[in-house]
1. Can residue B:56 be described as in contact with a helix residue (DSSP H, G or I) (Cβ under 9 Å, 6 or more places away or on another chain) and modelled with pLDDT under 80?
2. Is there a residue in the range B:104-117 that is more than 16 Å from residue B:60 (Cα to Cα), buried (at least 18 other Cβ atoms within 10 Å of the Cβ) and not basic (Lys, Arg)?
3. Would you say residue B:110 is in a loop (DSSP other than H, G, I, E, B), of a type in the set (Gly, Ala, Ser) and at pLDDT 80 or above?
4. Looking at the range A:3-27 only, could you name the residues that are surrounded by 15 or more Cβ atoms within 10 Å (Cβ to Cβ) and under 14 Å from residue A:69 (Cα atoms)?
5. Test residue A:112 against the criterion of being closer than 24 Å to residue B:294 by Cβ, touching a strand residue (DSSP E or B) at 6+ places or on another chain (Cβ under 7 Å) and more than 14 Å from chain B (Cβ to nearest Cβ), and give yes or no.
6. Scan B:89, B:106, B:113 and give me the residue that is in contact (Cβ under 8 Å) with a residue 60 or more places away in the chain, out of contact with any Asp or Glu (no Cβ under 8 Å at 6 or more places or on another chain) and β-branched (Val, Ile, Thr).
7. Going through the range B:210-253 one residue at a time, which ones are hydroxyl-bearing (Ser, Thr, Tyr) and either loosely packed, with under 11 Cβ neighbours inside 10 Å or not in a loop (DSSP other than H, G, I, E, B) (or both)?
8. For the subset of the range B:160-219 comprising residues that are touching a residue at least 60 places away in the same chain (Cβ under 8 Å) and of a type outside the set (S, T, N, Q), which member is farthest from residue B:59 (Cα to Cα)?
Amino acid sequence: MQAKAHFAQFLIERAFEQTLVDNQPHKPWSWADTHPVAKMRLLQTHAQGTQALGSDLYVLAGASGRNLAFGYSLMLGGAGVGEQGNTIIAGHRDSHFMRLQYVNVGDMIELYSATGKLQVYQITATQVVHETATEVLNQTENSQLTLITCYPFDQLSGNAEYRYIVEAKPMV
Amino acid sequence: MLSPVPLTATSRNLGVANRFIASLEANGGTEMAPAITAALVDTLQANAVNVRGESMLRQVIFMTDGAVGNEQQLYQLISDQLGDSRLFTVGIGSAPNSDFMRRAATMVRGTFTNIGKQSEVKDKVEQLLTKIEQPVLTNIGLYYLDGSVPDYWPSTISDLYQNEPLWVSIKSPSQLLQPIIVSGNINGQYWQQQLDFTDNQPARGIDLLWANAQITALELYKNAASGPRVNKQVEALGMQYHLVTSQTSLVAVDVTPVNPMSDKTIDANVQSHLPHGLQVGNQAQILPQTATSSRLWLLIGFSLLGLGILHYLWLRQRLPGQVLVLKADA
């Protein structure tokens, strides 16, 4: 699964590049039932300035277990990328979102939509909630980015009961 | 009609009566008035004497399996014409108007017998006839020593038959319990008995017997005109004596305090738990499952791979220790 998560990003990147060109959704591979909708980059703030945390990763539409194995997934119940409302992105803690354990409040998140538009978010809060705490999925009046992964990060087995929530507000 | 006058119960007359009954053809409708009138035609001779000169008690049995109409007219007829006779009503099946039958019988010190099924007719009628053959005490009355009449219910006391108790409820102030005289006729002879209450113990529930008897009497004489008034009286009695009547019923009220600190309540949402064993397959119910056991599987996989390599090397006798041991043997 680690290998799948790593190499799928190359196919997804290719599909996203095509989407940026013609603004049409492209499947990363012919039998896929999803398409990339955004590119996300985490920026860590240091005293010396900002530095990218890991490589750029792509966001797929629909947070199903299958999509999560390949990359970040946008929960379709929330707002779309760049739209008004609560944009919710989920990822696996043992692959792409393992890096979430290193982010701090104040770090930046760059989100490129499928039209190439850039939106920068700043992390305002991190919290750990139970998996039934679906109120983090509630829609908000203002734009907000919510990242979800499982918690704790160093657990080996897959049946995580808690979720690590990162909330970020857009920077104007 | 079999005969306009009473006949002696000889075997010949019984045969005539049986033949008359066998020839009857039912053609619907219950006309009670002509039957009552015919049976009571010699009311003036009601206090008739038999051949031996003893006064007789006349008993009239009215038996029907049909509904009875024009009740008010019949009540009038019965009270006017029956005089000192006794009327026993027998209703067979569900058609007879049992309210009317009971009231008509009670008015003139008779009884009402309701027979539900055809198969019970023989037994019930035999019981009734056996009973009314043996009137012990008739024309029962109650009065105090000074001649005044107490307030007693039921207001018309039925005749007393063999092996039956006399059952009357009397209401009087407890300080002024006077002896009561019960009077009646036994075989035409005057009879009386004085009852003293001095050594009686008070008992619970006697007032309820009196109230029940009064309610029964009130409802017996209820008609369209007196209906609302009787309903009010019954309601008042039911409330006063705590009885279940046609106007009152008992309602259970749970007064156990449910929350003794209801003025200090705290509003909070309690997490709703799922039924035991229910698997939530819907993604909307919980946050997406963002963890897999990939690292655990990787750990197990690499461990097994390492073990396999060690096993292979052991089989090939390439492990460092094995080589040393073999060399030592050689």
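1. Numbers: in contact with a helix residue (DSSP H, G or I) (Cβ under 9 Å, 6 or more places away or on another chain): no; modelled with pLDDT under 80: yes.
Taking the combined requirement at face value, the residue does not satisfy it.
2. Restricting attention to the range B:104-117, the residues satisfying the condition of being more than 16 Å from residue B:60 (Cα to Cα) are B:114-117.
Checking the rest, the ones that are also buried (at least 18 other Cβ atoms within 10 Å of the Cβ) come to B:115.
Filter once more, keeping what is not basic (Lys, Arg): B:115.
Yes: the range B:104-117 contains one or more residues that are more than 16 Å from residue B:60 (Cα to Cα), buried (at least 18 other Cβ atoms within 10 Å of the Cβ) and not basic (Lys, Arg).
3. yes
4. A:5, A:8, A:9, A:11, A:12
5. Details: closer than 24 Å to residue B:294 by Cβ: no; touching a strand residue (DSSP E or B) at 6+ places or on another chain (Cβ under 7 Å): yes; more than 14 Å from chain B (Cβ to nearest Cβ): yes.
Criteria not met by residue A:112.
6. Working: B:89 fails: in contact (Cβ under 8 Å) with a residue 60 or more places away in the chain; B:113 fails: in contact (Cβ under 8 Å) with a residue 60 or more places away in the chain.
Unique residue meeting the criteria: B:106.
7. Pass one, the range B:210-253, residues hydroxyl-bearing (Ser, Thr, Tyr): B:216, B:221, B:226, B:241, B:245-246, B:248-249.
If the condition is that a residue be hydroxyl-bearing (Ser, Thr, Tyr) and either loosely packed, with under 11 Cβ neighbours inside 10 Å or not in a loop (DSSP other than H, G, I, E, B) (or both), then B:216, B:241, B:249 are the ones that fit.
8. As a first pass, look at the range B:160-219 and keep what is touching a residue at least 60 places away in the same chain (Cβ under 8 Å): B:187-188, B:213-214, B:216-217.
Those left that are additionally of a type outside the set (S, T, N, Q): B:188, B:213, B:217.
On the way: B:188: 15, B:213: 25, B:217: 23 Å.
In this case the residue turns out to be B:213.
The values are calculated or read from the model by the stated rules, or taken from the named source; none is laboratory data. Please read all numbers here as calculations on a predicted model, not as lab measurements. Please note: Cβ atoms are built from the backbone with ideal geometry, for glycine as well, and neighbour counts cover all protein chains shown.
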